[in-house]
Structure formats: structure tokens, C-alpha cells
1. For region 86-93, does any single residue satisfy the condition of being in contact with a helix residue (DSSP H, G or I) (Cβ under 8 Å, 6 or more places away or on another chain), in a loop (DSSP other than H, G, I, E, B) and not basic (K, R)?
2. How do the strands (runs of 3 or more DSSP E) wholly within region 346-390 filter down when requiring 1 or more residues that are surrounded by 23 or more Cβ atoms within 10 Å (Cβ to Cβ), basic (K, R) and touching a Leu at 6+ places or on another chain (Cβ under 6 Å): which remain?
3. For the structure I just gave you, tell me whether I289 is part of a strand (DSSP E or B), at pLDDT 95 or above and buried (at least 17 other Cβ atoms within 10 Å of the Cβ).
4. Does region 272-318 hold any residues that are farther than 16 Å from R256 by Cα and among the aromatic types (F, W, Y), and which are they?
5. Would you check which residues across region 297-317 are of a type outside the set (S, T, Y) and closer than 14 Å to V336 by Cβ and list them?
6. In region 484-513, what count of residues is obtained for those that are buried (at least 20 other Cβ atoms within 10 Å of the Cβ), of a type in the set (A, V, I, L, M, F, W, C) and in a loop (DSSP other than H, G, I, E, B)?
Amino acid sequence: MAPEPPPLEAPGSSGTILGSLLTRSTRYHRPRAPFCGVGYCTNCLVRVDGVPNVRACRTPIPPTAKVEVENAWPSARFDLLAAFDIAFPKGIDTLHGFRRPAFATPWFQRVVRRLAGTGTIPSPASAGLVRPGRAVEAKTAVIGAGAAGRACAERLVAAGDPPVLLEREPGLAPVPGAEMFSGTTAVFLPPPQDGRAHRFELIASRSDGSAISVRADRVVVAVGGYDASLWFAGSDRPGVLTAEGAERLSTPASPRFAHAVVFGGGKRALEILERFDGKVDAVVAPGTIAPELARRASELDVPLYPRTLLLGAVGRRRVEKVRLARRGGEAPPFEVEADAIVLAHRRLPHPQLFFQAGARTFWRPDVGAYGPVVGAGGATTVPGLYAAGEVAGAPEMEDARRSGGAVADALVGAVPWSAPVAAGPSEAHHELEGYYQELLSVGPGPGKVVVCPCEDVLLPELLDATDRGYRGIEVIKRYTGVGTGLCQGRYCLPEALLVLAQRERRPVPEVGYITQRPPVVPTALGALAGLPESEGSAP
């Protein structure tokens with residue numbers, strides 16, 4: 001059995017909480033622990049000094065702060081409401097439940113409403129008052145100060161066209177000559193409007209609770225990507241981490257695990273194996289394993305399991321074992337001792353801002369996600385909107401730098417804009433399409449398969465919707481709630497598209513995508529209310 005994880009500790013000198021169990025899920029009150037480490041999932045939401053839904057993985061918390069758990073009573077470790085998880089092993093039917101006897105329906109609906117909330121309102125209520133924001137004007141706005149965004153900004157500064165640079169991570173080194181706002185997330189990028197002093201007006205939220213309105217003629221989106229999730233029984237258990245989560249939530253002196261199973265067969269899995277030398281006990285891949293990874297695993301004496309299904313995580317309070325099965329059904333399932341599962345099988349681009357701006361996107365079977373249609377110089381189908389770096393198909397650092405530089409060259413070189421042309425329909429498939437088809441035919445391991453951790457939507461609910469004749473991800477979203485949580489569908493929609501393509505027997509692009517409504521990340525209404533009036537707005 002894996003060792004018991006350390007308890008939730010009061011914030012120390014580091015100013016962040018890295019405890020294992022921080023909250024409970026909304027519907028079934030299943031234990032939740034940090035998962036993504038980059039502030040998109042809902043697994044580390046805590047209440048700090050009366051303010052609900054604070055992401056503990058990203059928020060500096062003073063030692064004197066009062067930190068409380070959300071959605072748990074009396075505590076996250078011993079939650080009486082977790083009885084729902086036991087009482088409803090096949091899930092709660094929130095759409096059709098308790099129709100008979102009729103007198104039970106109002107009671108059932110009250111229970112469902114109670115289970116649907118994430119935390120309670122701030123206390124005191126004054127915690128949500130308006131916070132004054134500001135407006136910034138520039139010829140060019142660059143979103144993201146990673147390799148691509150920084151290269152683009154540096155070249156624009158050198159050409160005498162300094163941009164406004166927005167970066168979500170706090171404390172990054174500034175780009176000399178550019179006006180940089182660290183700890184700032186672009187949350188809304190509406191389509192450009194002609195007839196204004198600046199065609200684009202995007203909104204960004206700041207870590208201090210305020211917001212910025214950035215008015216620009218051109219916008220370069222270099223927001224990068226993130227590590228994807230995976231569907232299996234118990235995928236929401238404490239101890240399941242993305243590769244980013246493993247990296248961000250661990251330190252050399254305090255790794256988050258001692259016996260991890262890494263899921264992935266490529267470069268990302270190799271990075272995790274190198275980073276956590278001695279802490280990885282096995283590498284599991286849905287398909288073949290890259291030669292570099294196989295060679296390094298052999299040197300470290302780490303077992304490899306190519307073409308293997310990850311059926312489930314065993315353990316109620318956290319991962320204790322991993323249940324696997326060889327693909328092809330020729331051998332029975334088996335278990336591997338582990339205290340963590342690190343998902344390092346693929347990285348996905350952040351497409352939300354492109355959807356909001358009205359840019360044309362297409363399904364990328366190489367990564368299993370949607371991305372913007374990009375032409376020469378990073379141009380998208382929206383004039384004045386450009387993509388650079390990982391979102392433009394350049395995941396490697398050097399390629400990302402070149403991508404950012406190419407966008408800057410196009411901007412300062414007065415190259416005439418021409419709309420990029422998307423490639424025709426592709427017959428290619430992502431390897432996980434066949435993987436999920438086999439997983440569903442074999443059946444995941446025992447336990448709940450939570451496909452949408454934000455809303456506690458289960459796999460049987462998704463499959464039941466297709467059995468009832470519902471088609472397309474937008475309709476499935478409205479029927480089941482998948483993709484409607486705080487993560488904006490980042491950790492459920494890509495997998496849902498792969499599974500629905502199998503169930504509906506049609507290509508993923510025909511399954512569609514949901515409407516990407518702002519904001520990209522949850523933003524306080526007080527921050528938006530504090531923004532100065534936009535150009536042309538009523539007095």
C-alpha cells in the first residue's frame with residue numbers, strides 16, 4: 001500500500017498550499033487534490049479569509065490567512081456528505097430522478113441544487129466590491145511571454161514598435177522596452193470592430209483582483225498549451241496529476257510522489273522520467289514507445305508497458321495501485337503498485353481566444369484538439385489577429401522562438417495580409433480514438449469514471465445521452481453538463497470529442513465544438529465593473 005499523503009498544512013514560507021487533500025467535488029463529494037498545478041482545474045479550490053474558490057496552487061497566501069475547505073463538512077478528510085458517493089455507485093440521475101413518488105420530487109430538487117454549488121458567497125460580502133481597473137492603448141498587444149511571445153515582443157521593440165505584453169505567470173523578467181503586465185490573464189478577446197481608434201479591445205484580469213482593458217490595432221496570441229487529462233476509473237483521485245501538475249507542485253526536496261506510473265510514450269513522458277529520476281516505477285503508453293524514452297527507461301531499470309490500457313486507479317482516499325490491461329484482450333488485467341499517476345501523453349493548445357475572436361479553427365489529429373488556422377507570418381482568418389508558438393503548431397522552444405520572430409517580421413515589414421487557407425478534411429486519427437474504442441469495449445476498472453471533474457459528470461451519463469439519440473458535443477453538453485465547469489472544458493472536451501466520434505461513427509469535426517463564452521478563466525464581476533468605459537459607450 002502506498003504511504004499516506006501528508007496532511008493539509010498551514011501555508012509556510014513558500015506562500016502556497018501543496019497539501020494533498022484540499023476540497024471535495026460538487027455532486028458526489030469525492031476527495032480532490034491538486035491536479036493541473038497551473039490554475040485551470042477545480043481540484044485545489046479553498047476559501048481564504050472569506051473569499052471562496054481561491055486556487056491554492058497559484059495564490060500567495062499570508063501565514064496569517066484563514067484557510068478553509070470548500071464543499072466539505074466537517075472537513076475535507078472526513079466529509080459526511082461523501083455518503084452520496086457510496087449511496088449512488090452508478091450516479092445520481094439529476095434529470096429523471098425521484099419522479100415517483102411525486103411528493104419526493106421537490107425534496108430531490110433541493111438536494112440537487114445543494115450539490116450543484118461550488119462554495120458559498122464571500123464573507124463579508126464587501127469582499128466582492130468593485131476594484132478600479134485601467135485602460136491601456138498600443139499598436140500591438142502580445143498575449144503570453146513564453147518563448148514565442150517574448151521573441152515577438154523583443155523583435156518589435158528592436159523595430160521601434162514596442163508592444164503591450166500580457167503574461168499570466170507572475171514575476172517573469174520584463175522585456176526591456178515593452179510595457180509588460182505580469183500576473184495578468186487575457187479572459188476575453190471579442191471580434192475586432194472597424195470604425196474605432198483601435199480595432200481590438202481585449203479584457204485581462206489581474207492577480208490583485210482588478211482588470212485591464214487593452215485597446216490595440218493588432219493582437220498576437222502566444223498562450224501556449226497544457227497537458228491533457230485521460231479517462232479511466234478513479235481518474236479524479238488524489239495522486240492523479242498532469243505532467244505540469246507534477247512539475248509545478250513538486251520541489252527537489254519535496255516531490256509529490258515516490259512510486260509514480262507515467263502515462264505516455266513520447267517526449268513529454270521522457271521529460272518526466274528525467275525530472276523525477278528514482279520516483280517513477282513504470283511507464284505506460286497507449287501505443288508504441290519512442291526509442292529515446294525506451295533507452296532511458298532501460299538505463300534507469302524502469303519497466304515499460306507499450307500498447308496498454310489504463311483501466312483505473314485503485315484506492316479510495318488516493319492512488320494506491322494502477323489497474324492495467326494489454327491492448328488486444330489477449331491477457332487478463334493486472335495491477336502495479338503506485339502512489340501517483342502522471343499524465344504525460346499529449347499537450348493541447350489553448351484555442352479559447354481564437355474562438356472568441358471569430359477565427360477559423362480546425363481539428364488537429366496530431367494532438368487530438370482544435371487549433372487556429374494559421375497562414376504565413378502567423379496570420380489567422382481574422383485580419384490583425386496572429387498566432388505564435390505552441391498554439392500555432394510550434395511546440396518546441398526553438399521553433400516557438402522562430403514562430404514569434406516570424407510574426408514580428410510580418411508586423412513590422414508591412415507584409416500585405418492574406419487570409420490563410422485551411423487544409424481539406426483529413427482522414428488521419430489520433431491514436432487515442434482507437435484507444436478509447438478498445439477501452440469502452442473492455443470496460444474500465446471498477447468505480448466511477450468521472451469525465452468532467454468540475455461538474456462530476458460520469459461516463460455512463462455521456463454514453464446514455466448517445467444511446468438516447470443525442471448527437472454533437474453542443475447537444476451532449478446541454479444534456480449532461482460536460483464542459484460547463486470552471487475549467488471551461490479544458491480537461492473533458494478533448495476526450496469527449498474522441499469518444500463521441502467513436503460512438504457516433506463520424507469524424508471529430510462533424511461532432512463539432514461548444515460555444516466558447518468568456519471569460520477564459522473565472523473573473524470577479526467587481527473587476528469587470530471597475531473597468532473604464534469603452535470607446536463609444538454610453539455616458
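The values are calculated or read from the model by the stated rules, or taken from the named source; none is laboratory data. What you see is a predicted model; the values in this text were computed from it and never measured. Here Cβ is always computed from backbone atoms with ideal geometry, including for glycine, and neighbour counts include all displayed protein chains.
1. So far as region 86-93 goes, yes, one or more of its residues are in contact with a helix residue (DSSP H, G or I) (Cβ under 8 Å, 6 or more places away or on another chain), in a loop (DSSP other than H, G, I, E, B) and not basic (K, R).
2. In region 346-390, there are no strands (runs of 3 or more DSSP E) which contain 1 or more residues that are surrounded by 23 or more Cβ atoms within 10 Å (Cβ to Cβ), basic (K, R) and touching a Leu at 6+ places or on another chain (Cβ under 6 Å).
3. Answer is no for this residue.
4. Residue satisfying the conditions is Y305 alone.
5. Hits for region 297-317 are V302, P303, L304, L309, L310, L311, G312, A313, V314, G315.
6. 2
Listed here are the residues, each with its yes/no results for (1) touching a Lys or Arg at 6+ places or on another chain (Cβ under 9 Å); (2) surrounded by 20 or more Cβ atoms within 10 Å (Cβ to Cβ); (3) not assigned by TED's automatic domain parsing to the domain that holds S250.
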position: L293; (1), (2), (3): yes, yes, no
position: A297; (1), (2), (3): no, yes, no
position: L300; (1), (2), (3): no, no, no
position: P303; (1), (2), (3): no, no, no
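To keep it simple, each residue is scored yes or no on (1) outside the structural domain of E154 (by TED's automatic domain parsing); (2) within 30 Å of F263 (Cα to Cα).
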residue: P333; (1), (2): yes, yes
residue: D366; (1), (2): no, yes
residue: A369; (1), (2): no, yes
residue: G378; (1), (2): no, no
residue: P383; (1), (2): no, no
residue: A388; (1), (2): no, yes
residue: V391; (1), (2): no, yes
residue: S403; (1), (2): no, yes
residue: V407; (1), (2): no, no
